[in-house]
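These notes are about the structure you will find just below.
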Amino acid sequence: MATDNPLAIEMRDVDKWFGDFHVLKGINLNVKRGERVVICGPSGSGKSTVVRCVNRLEVHQKGVIKVEGVELKDDRASIDAIRSDVGMVFQQFNLFPHLTVMENLTLGPMKSRSMNKADAEALAMRYLDRVRIPEQADKKPGQLSGGQQQRVAIARSLCMEPKILLFDEPTSALDPEMISEVLDVMVGLAEDDGMTMIVVTHEMGFARKVADQMVFMNQGEIVETGPPTEFFGNPQTERCRTFLDQILKH
Amino acid sequence: MTSENRLTRFMIVLAGCLVLSACSSNSEWGWYVVNPLLEGGRVNLWFLIAGYPSTIYISAIAAALSMTVGLGVAVMGMSTWRVFRIINRIYVEFIRSIPLLPLLFWIYFGLPFLIRGTWFEFNVDPFWAGVITLALSDSAFTAEIYRSGIQSIAKGQSEAAQTIGLTKWQTMRYVVLPQAIRRILPPLANQFIYIVKMSAFVSVIGMQELMRRANDLNTNEYRALEIYTVLILEYLVLVLLISAAVRWLERRMADGEVR
């Protein structure tokens, strides 16, 4: 039964190709309920693809992916079931530029969950408060700073009340001084809400603080996993060590 | 008032002044045929202007049809089903390569034989032959305009829409189309202007629009230069008005949009 399953996400021997390019090679990854997993690795290592496979933005060709006990298959029902459990935050925010912040937040609840406008707006206000920008509700995304936009994007996915949140390099497109306002919100979600999270990021300070499990990927494979203290203190593989040296050098 | 609007007005006024001044001064020209100060000129001028309703009517219906058919063809072109994409390709390439006049003749003179005795049979008069021809030939272009406009919206937009649970149709309706329409509108307006101008071809099968009336008047008066000058000005005024309307619409849609 799904509710007895302690695993939020289960990936078994997942393979994926983009044409001839073998982008994921035998990925095995288990994420427990309430667990925070941080994935890092050089660009092109497949870390974004792993996350995008979890909510079927990419289709894997081999292996099994289960989310909250439901196996991802080609049928609409399993995809819809999984998408209603999984929220996603993108590197480029992907807010809808023609809608106000409020409309960005209420669109999902109103159209896919048939919530009425008043309820949806109350819900949206709650999450805008949560990401600390309730005063921006009537603005268009283009009028906000990058950090504010990303916080709106987080609020938008929270409005669907997901059990799992995926973050695909959420701070990579931000100016340095805006990174912390986004990370603060994410730390809050992890610590106060116990949200299950997979975060692809190079923010190692954030990783140390919230990660339960670190994952290092290289060339489509998971090279190393472990709790942050071990992962940072004593990396087992040469590749992981050089990578960490590179990004922690400065 | 914007500078473009001022320019439009200026051009219309200038065109009018040219005609009027030429009416009174130059004896080489025979402006009397269309001189609004003379009884005969007024009658002729009115005869020419009375072609407007037909030209506008035929263009508007053809444009509406073309935009509808074009949307359907564009949707097929973006389908995940290969067979629809192939139909789209064949339609666009085929229609796009037929010149307007042969298509018009084929439909006016040929189509009646093809549909005789079928449930689809109808009276192919010059008006409907013109509408069908203009709409068909234009729809291949509008289809491509829709498709490029829709595909120009970043993939991340529909991905984000999917992750908040919207269906494919809802994603189109609430996320992609409202953004695409702003990019589609200007080229679509160009196509409408194109239709207005191409509607002159329908005169050859006897449709009494601007062009045909100018031809008819010329056979009586033998004043080609003056009559066709007025005809060109008639099209100019119509097209300038359409562009002004489109600019107004674009401005209205862009209101509050910050990117």
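Tabulated data
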{"read-out": "Heavy-atom accessible area ranking, 1.4 Å probe, most first, across B:PHE84, B:PHE10, A:PHE90", "value": "B:PHE10, B:PHE84, A:PHE90"}
{"read-out": "For segment B:80-86, 3J(HN,Hα) per residue [Karplus equation, 6.51 cos²θ - 1.76 cosθ + 1.60, θ = phi - 60°, Hz, x = Gly/Pro]", "value": "7, 7, 4, 4, 5, 5, 5"}
{"read-out": "Point-charge dipole on Cβ atoms (K/R +1, D/E -1) for segment A:29-78, about Cα centre, debye to 20", "value": "120"}
{"read-out": "Accessible area buried at the B-A interface, both sides summed, 1.4 Å probe (Å², nearest 100)", "value": "1900"}
{"read-out": "Exposure ranking of A:GLU71, B:GLU159, B:GLU144, A:GLU135 by accessible area [1.4 Å probe, largest first]", "value": "A:GLU135, A:GLU71, B:GLU144, B:GLU159"}
{"read-out": "Kirkwood-type radius of chain B, with distances r between different C-alpha atoms, in Å", "value": "21.1"}
{"read-out": "Neighbouring partner chain Cβ atoms per residue of A:112-119, average, 10 Å criterion", "value": "1"}
{"read-out": "222 nm mean residue ellipticity, helices alone, for the protein assembly as shown (DSSP H n ≥ 4; -39,500 (n - 2.57); rounded to 500)", "value": "-18000 deg cm²/dmol"}
{"read-out": "Rough spin-label spacing in nm, given labels placed 7 Å along Cα→Cβ, for A:THR229 and B:ARG42", "value": "10.3"}
{"read-out": "Cβ charges +1 (Lys, Arg) and -1 (Asp, Glu), total dipole of chain A, debye", "value": "300"}
{"read-out": "Under 19 Å from the Cα of A:LYS249 - aspartates and glutamates, other chains or at least 8 residues apart", "value": "A:GLU203, A:GLU230, A:GLU238"}
{"read-out": "B:GLU121 - accessible surface, heavy atoms, 1.4 Å probe, Å² rounded to 10", "value": "100"}
{"read-out": "Segment A:57-65 - phi-based ³J(HN,Hα) in whole Hz, Karplus 6.51/-1.76/1.60, Gly and Pro as x", "value": "6, 10, 9, 7, 9, 9, x, 10, 10"}
{"read-out": "Eligible aspartates and glutamates near A:LYS62 by straight Cα distance, threshold 12 Å, same-chain separation 8 or greater", "value": "A:ASP13, A:ASP15"}
{"read-out": "Gyration tensor (alpha-carbon) shape descriptor, segment A:1-98, a/c threshold 1.5", "value": "rounded"}
{"read-out": "Relative contact order, percent, segment A:1-157 [alpha-carbon distance under 8 Å, six or more residues apart]", "value": "20"}
{"read-out": "Interchain or long-range residues, amide H under 5 Å from A:VAL223's placed H", "value": "A:PHE216, A:MET217, A:ASN218"}
{"read-out": "Cα-based helix-to-principal-axis angle, B:52-77 vs chain B, degrees rounded to 10", "value": "20"}
{"read-out": "Separation of the B:VAL75 and A:LEU7 label points, Cα + 7 Å toward Cβ, nm", "value": "4.1"}
{"read-out": "J(HN,Hα) series, segment A:144-149, from Karplus relation 6.51 cos²θ - 1.76 cosθ + 1.60, nearest Hz, glycine and proline x", "value": "9, 6, x, x, 5, 4"}
{"read-out": "DSSP beta bridges in the protein assembly as shown [antiparallel fraction, %, rounded to 5]", "value": "55"}
{"read-out": "Nearest 10 degrees, 0 to 90: helix A:101-112 Cα axis against chain A principal axis", "value": "80"}
{"read-out": "For segment A:2-248, share of DSSP beta bridges that run antiparallel, in % to the nearest 5", "value": "55"}
{"read-out": "Cβ-defined net charge surrounding A:GLN91, 10 Å radius [Lys, Arg +1; Asp, Glu -1]", "value": "-2"}
{"read-out": "Per residue, in Å², the accessible surface of segment A:47-122 once ligands and nucleic acids are set aside, probe 1.4 Å", "value": "39"}
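The values are calculated or read from the model by the stated rules, or taken from the named source; none is laboratory data. All figures in this text were calculated on a predicted structure; none of them were measured in a lab. For neighbour counting, all protein chains shown are included, and Cβ atoms are generated from backbone atoms with ideal geometry for every residue, glycine included. Surface accessibility is based on the protein's heavy atoms, side chains included, excluding ligands, DNA and RNA. Shrake-Rupley method; radii C 1.70, N 1.55, O 1.52, S 1.80 Å.
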